[in-house]
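Trainee: Sending over a structure as structure tokens; questions will come in a sec.
The values are calculated or read from the model by the stated rules, or taken from the named source; none is laboratory data. Treat the numbers as computed from the prediction; the structure is a model and nothing was measured. Cβ coordinates were reconstructed from backbone atoms using ideal geometry, including for glycine residues, and neighbour counts include every protein chain displayed. Only protein heavy atoms, including side chains, enter the accessible area calculation; ligands, DNA and RNA are left aside. Shrake-Rupley method; radii C 1.70, N 1.55, O 1.52, S 1.80 Å.
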Amino acid sequence: MSLLEAIRSALSAIGANALRSALTMLGIIIGVAAVIAMVAIGSGARERVDSQIKSLGANLAIIQAGNVTQGGVRLGAGASSTLTDEDAKAVAAEVEDVVASASVITTRAQAVYAGTNWSTTITATDLDFFTAREWGLAEGRLFEPEELRRGEIVAIIGQTVAKNLFGESDPLGQMFRIRNVPFKVIGVMAGKGQSALGQDQDDVIFVPLDTGRRRIIGRNYARDRSVQTIMVKFASEAAIAPGIEQTRALLRQRHRLVEDQDDDFIVRNLTEIANTATAAASTLSWLLAAVAGVSLLVGGIGIMNIMLVSVTERTREIGLRLAVGARQRDVLSQFLIEATTLATIGGAVGIALGIGAATGIARFAGWPFVISPQTILVAVGVSGLIGVFFGFYPARQAARLDPIEALRRE
Amino acid sequence: MPLIEVRDLSRVYDLDSGRVTALGGVSLDIEAGELVAVMGPSGSGKSTFMNLVGCLDRPTGGHYRLDDVAVETLSSDGLAALRNRKLGFVFQQFNLLPRVDACANVELPMVYAGLDGKTRRERALNALARVGLADRAHHRPMQLSGGQQQRVAIARALVNQPRLLLADEPTGALDSRTALEILALFQDLNREGVTVVLVTHDAEVARHARRVVRFRDGHVIADTRQEPADARAALAAQDTATPLPEAAE
Ligand SMILES: Nc1ncnc2c1ncn2[C@@H]1O[C@H](COP(=O)(O)OP(=O)(O)OP(=O)(O)O)[C@@H](O)[C@H]1O
Ligand SMILES: [Mg+2]
């Protein structure tokens, strides 16, 4: 008997007890669905973290000004400006394994070019920023040290700004205005796409730190050296934690904070934050793994049980098959194929259900939905193996039947 | 050389309640081409004998050669092959698979002979035609009368062209008219060269065999030959208004 015929006759045996078969499959269905959902959610969350880390740059810590107590009221991060670009330089100089330490001030403003205007994010910063973010140019150049020092009115624009402000024409060397100040475009950044939170990272204009303070925000940079954030890039992931400790100590000393005073800044390890985002996903994954494991076990036992019932019910049929020339292995494979078919159908239904559930959860949680063909293949394989494993004992019982006793059985 | 050569064959069951000797040393030869009726009271060992001859059971003593093969030397796969190629069984309870049609039932022995689907179908339909059921090939057992079901079972037994047909009370579940039809079929097959051994309680049935072997308490007590009655002639005489399905050549 060809395999195809064997499967067809297994299907007809399964179909003869459709309801019973469906109930038997339930365990496998739920188990496989849970496996699929688990893998999809797990890899979706991991993908999100990976893309987050990738788009931010690896091994980053961010220092934000804040947590200052004013008249007993604790203000949130960034509420006051205790950080300065001198702090940033000190971190670069004194903390070990620091690759870059960028000062950053961000604001929103309108950019105008030949009657077109575009509201965008203005980031005033220094060269360390581009190192920290691992972000390169598409064309043009970065700021010259001299331009940074003198606060010249030059700008590097993101892809989105280039498209919306300059259209098809080449933005390099063009002049545009921010708050009536004419800026010259010296560079266009490479496209970086959306951040993990869905922000368009290319919708940005970079200007030298002091230019931003003086011309756009309107501060006297000679007196006010404050920055909103300092972005620190470390040489390796292992260097982040000790680096952050050193940074804290350094900044406390620089800010003259005494023993019992709280920090007036907050240091965040971005890699760690990204990783904690996976914690929830991984909890869910473990839950699903537990459900999957239990369901698959119960499903497998269900299949074993129903196959034992089936062998008992069809004892005479087995006896007859043996009488007309079936070998033990023919009977064994018949029942194994039946169990495997049952399990595989359950697996297929489970996959459909799992994809549905994973899509729902991914949409709800805002994760990318990741499901690979390998996952599906593995799920089908696992359900088939469950059929073989749990079907083996009943099938062997069937194959070992004595033909006479089997034929005589009522 | 006889087709069946049985020497001192015994089958003893070891039960908790003691030993039961179902067959106590039977010696018997059956030549190819014979039609033998096995008779005897209930419990006399007829079925036990048939099961041993049919290679469904192994003896506890003695020797059995089928078509010059010492059966006790064969493995379980070897026995399966023997049952598949050389033997055909017909049971009192028909033993058809209820879920599939007559044709698929007849195909079953060929499935285990490893024949492809097309050949199987062809031969199954031929065998069904042979027993007068060409028009019932796609009926399920449930949709057939007892006599028709037994004829499907006979077609199944014949389909691998066995040397030996073993029937354990094949007419036990049928009325006398239908029984006669089945006997006519056996006689036809026997005339064509198939060796037939059938077990029966019914002296009327045994009348149609050329040789009658009687069992009692696991032993052969009589082995007689007779001029057999012709089942087809009896049928024709009995009722000319409803003609029998003719056996096709
Ligand atoms: N599996 C078994 N275990 C124990 N004893 C058995 C078994 N099968 C048969 N016997 C015994 O062997 C003896 C012969 O049984 P067998 O079935 O051969 O009789 P039979 O001649 O076919 O009777 P019947 O005409 O009623 O079918 C009986 O006494 C029976 O009880
Ligand atoms: Mg009997």
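Trainee: Using +1 on the beta carbon of Lys and Arg, -1 on that of Asp and Glu, and nothing else charged, what's the dipole of the protein assembly as shown about the Cα centre, debye to 20?
Mentor: Dipole of the protein assembly as shown, to the nearest 20 debye: 760 debye.
Trainee: While we're on this one: Tell me, Kirkwood radius of region B:5-125 from alpha-carbon pair distances, in Å?
Mentor: Evaluated over region B:5-125, this radius sits at 16.5 Å.
Trainee: Given a 1.4 Å probe and every protein chain left where it sits, what share in percent of the accessible area of chain B is carbon and sulfur?
Mentor: The computed percentage sits at 49.
Trainee: What number comes out for the charge environment of A:Ile153, summing +1 per Lys or Arg and -1 per Asp or Glu over other residues with Cβ under 12 Å away?
Mentor: +3
Trainee: In addition: Helix A:237-254 against the longest principal axis of chain A: what's the angle in degrees, Cα atoms only, rounded to the nearest 10?
Mentor: 30
Trainee: Just reorder A:Lys89, B:Lys46 by solvent-accessible area, largest first, 1.4 Å probe, all chains present.
Mentor: Result, largest first: A:Lys89, B:Lys46.
Trainee: Mean residue ellipticity at 222 nm from the helices of the protein assembly as shown, using -39,500 (n - 2.57) per DSSP H segment of n ≥ 4 over the full residue count, to the nearest 500 deg cm²/dmol?
Mentor: After summing the helix terms and dividing by residue count, I get -15000 deg cm²/dmol.
Trainee: Which listed residue (A:Leu11, A:Leu127, A:Val161) has the Cα farthest towards the positive end of the charge dipole for chain A, taking +1 on Lys and Arg C-beta and -1 on Asp and Glu C-beta about the Cα centre?
Mentor: A:Leu11
Trainee: Which value, in Å² rounded to 10, gives the accessible area of B:Asp223 with a 1.4 Å probe and all protein chains present?
Mentor: Roll a 1.4 Å probe over it and B:Asp223 shows about 70 Å².
Trainee: Same structure again: Computed FRET efficiency, Cβ-Cβ of A:Ala114 and A:Leu377, R0 56 Å: what is it to the nearest 0.05?
Mentor: So, using R0 = 56 Å, E works out to roughly 0.50.
Trainee: Sort region B:4-248 into rounded, prolate or oblate with this rule: let a ≥ b ≥ c be the square roots of the eigenvalues of the Cα gyration tensor; rounded if a/c is under 1.5, and if a/c is not under 1.5, prolate when a/b is larger than b/c, oblate otherwise.
Mentor: Cα axes put region B:4-248 in the oblate bin.
Trainee: Under unit Cβ charges (Lys, Arg +1; Asp, Glu -1), what dipole magnitude, rounded to 20 debye, does region A:83-263 have relative to its Cα centre?
Mentor: Here the size comes out at about 840 debye.
Trainee: Given contacts defined as C-alpha pairs under 8 Å and at least six residues apart, what's the relative contact order of region A:83-263, whole-number percent?
Mentor: It comes to 32 percent, rounded to a whole number.
Trainee: In region B:27-59, what residues drop by 50 Å² or more of accessible area when the other protein chains are put back, versus the chain on its own? Use 1.4 Å, and skip ligands and nucleic acids.
Mentor: SASA drop of 50 Å² or more in region B:27-59: B:Leu56.
Trainee: Can you give the angle from 0 to 90° between the axis of helix B:176-191 and the longest principal axis of chain B, with both taken from C-alpha atoms, to the nearest 10?
Mentor: Rounded to the nearest ten degrees, it is 80.
Trainee: Starting from the Cα gyration tensor of the protein assembly as shown, take the square roots of the eigenvalues, sort them a ≥ b ≥ c, and report rounded, prolate or oblate (rounded when a/c is under 1.5, otherwise prolate if a/b is larger than b/c, else oblate).
Mentor: prolate
Trainee: Less than 19 Å apart at the alpha-carbon level, and either on another chain or at least 8 residues along: which lysines does that give for B:Lys118?
Mentor: none
Trainee: Taking the DSSP beta bridges in the protein assembly as shown as the whole, what percent of them are antiparallel, to the nearest 5?
Mentor: The antiparallel fraction comes to roughly 70 percent.
Trainee: OK, next. Starting from the residue with the highest accessible area, list B:Met142, A:Met307 in decreasing order, probe 1.4 Å.
Mentor: B:Met142, A:Met307
Trainee: Moving on to the next point. With a 1.4 Å probe on protein heavy atoms only, tell me which residues of region A:2-19 lose at least 40 Å² of accessible surface in the complex relative to the chain by itself.
Mentor: SASA drop of 40 Å² or more in region A:2-19: A:Glu5.
Trainee: Would you mind telling me the share, in percent, of accessible area of chain A contributed by carbon and sulfur at probe 1.4 angstrom?
Mentor: 57
Trainee: Relative contact order for chain B: what percent, with Cα pairs under 8 Å and sequence separation of 6 or more?
Mentor: 26
Trainee: Quick check for you: which residues of region B:135-168 have the amide N under 19 Å from the point 7 Å beyond the Cα of B:Arg191 toward its beta carbon?
Mentor: Answer for this model: B:155, B:158, B:165.
Trainee: Something else: What's the ranking of A:136-149, A:179-192 by average number of surrounding C-beta atoms within 10 Å, highest first?
Mentor: Averaged packing, sorted descending, gives the order A:179-192, A:136-149.
Trainee: To continue, here is another question. For a test of the definition: using alpha carbon positions, the gyration tensor, and the 1.5 limit on a/c, classify region B:138-238 as rounded, prolate or oblate.
Mentor: prolate
Trainee: Right, next: Given the options B:Leu174, B:Leu3, B:Leu185, identify the residue whose Cα lies farthest towards the positive end of the charge dipole of the protein assembly as shown (+1 on Cβ of Lys, Arg; -1 on Cβ of Asp, Glu).
Mentor: It is B:Leu174, whose Cα lies furthest towards the positive end.
Trainee: In nm, give the distance between the simple-model label positions of A:Ala58 and A:Glu405, each being 7 Å from the Cα along the Cα-to-Cβ direction.
Mentor: For the pair A:Ala58/A:Glu405, the computed spacing is 6.6 nm.
Trainee: Could you sort the residues of region A:323-362 by number and keep only those whose accessible area is reduced by 20 Å² or more in the all-protein-chain setting relative to the chain alone, 1.4 Å probe?
Mentor: In region A:323-362, residues shielded by partner chains: A:Ala323, A:Val324, A:Gly325, A:Ala326, A:Arg327, A:Gln328, A:Arg329, A:Asp330.
Trainee: Report, to the nearest 10°, how far helix A:328-365 tilts away from the longest principal axis of the Cα atoms in chain A, using its own Cα long axis and a range of 0 to 90°.
Mentor: Tilt of helix A:328-365: around 30 degrees.
Trainee: Quickly work out the B:Arg58-to-A:Arg329 label distance, labels modelled 7 Å from Cα along the C-beta direction, and quote it in nm with one decimal.
Mentor: Going from the A:Arg329 label point to the B:Arg58 one covers 1.9 nm.
Trainee: Averaged over peptide A:185-193, how many Cβ atoms belonging to another chain are found within 10 Å of each residue's Cβ?
Mentor: 0
Trainee: How do B:Glu34, A:Glu5, B:Glu227, A:Glu134 rank by accessible surface area computed with a 1.4 Å probe, from largest to smallest?
Mentor: B:Glu227, A:Glu134, A:Glu5, B:Glu34
Trainee: Lys pairs in chain A, Cα-Cα under 18 Å, at least 8 apart or on separate chains: how many?
Mentor: Lysine pairs, 8 or more places apart or on different chains, close enough: 5.
Trainee: Would you kindly find the accessible area of B:Tyr112, with a 1.4 Å probe and non-protein molecules such as ligands, DNA and RNA excluded, rounding to the nearest 10 Å²?
Mentor: 30
Trainee: Which one of B:Val12, A:Met304, B:Ala113 is farthest out on the positive end of the charge dipole of the protein assembly as shown, using unit charges on Cβ (Lys, Arg +1; Asp, Glu -1) and the Cα centre as origin?
Mentor: Result: A:Met304, furthest along the dipole toward the positive end.
Trainee: Per residue, what accessible area does the protein assembly as shown have, given a 1.4 Å probe and all protein chains present, in Å²?
Mentor: 46
Trainee: Please give the direction-averaged projected area of the C-alpha convex hull for region A:83-263, in square nanometres with one decimal.
Mentor: 11.3
Trainee: Near the amide H of A:Val227, under 5 Å away, which other amide H atoms are found, from residues 5 or more places off or on another chain, if H is placed in the peptide plane?
Mentor: The list, which skips near neighbours in sequence, is A:Leu83, A:Thr84, A:Asp85.
Trainee: Read phi for every residue in region A:395-400 and hand back ³J(HN,Hα) as whole Hz from Karplus 6.51 cos²θ - 1.76 cosθ + 1.60, θ = phi - 60°, with x for Gly and Pro.
Mentor: 5, 5, 4, 5, 5, 8
Trainee: Then there is this: Could you compute how much accessible area chains B and A hide from each other, both sides summed, with a 1.4 Å probe? Nearest 100 Å² is fine.
Mentor: Separately minus together, B and A give about 2000 Å² buried.
Trainee: Tell me, what HN-Hα J-couplings in whole Hz come from the Karplus equation 6.51 cos²θ - 1.76 cosθ + 1.60 at θ = phi - 60° for each residue of region B:161-167, using x for Gly and Pro?
Mentor: Each residue's phi maps through the Karplus curve to give 6, x, 7, 10, 10, 10, 10 Hz.
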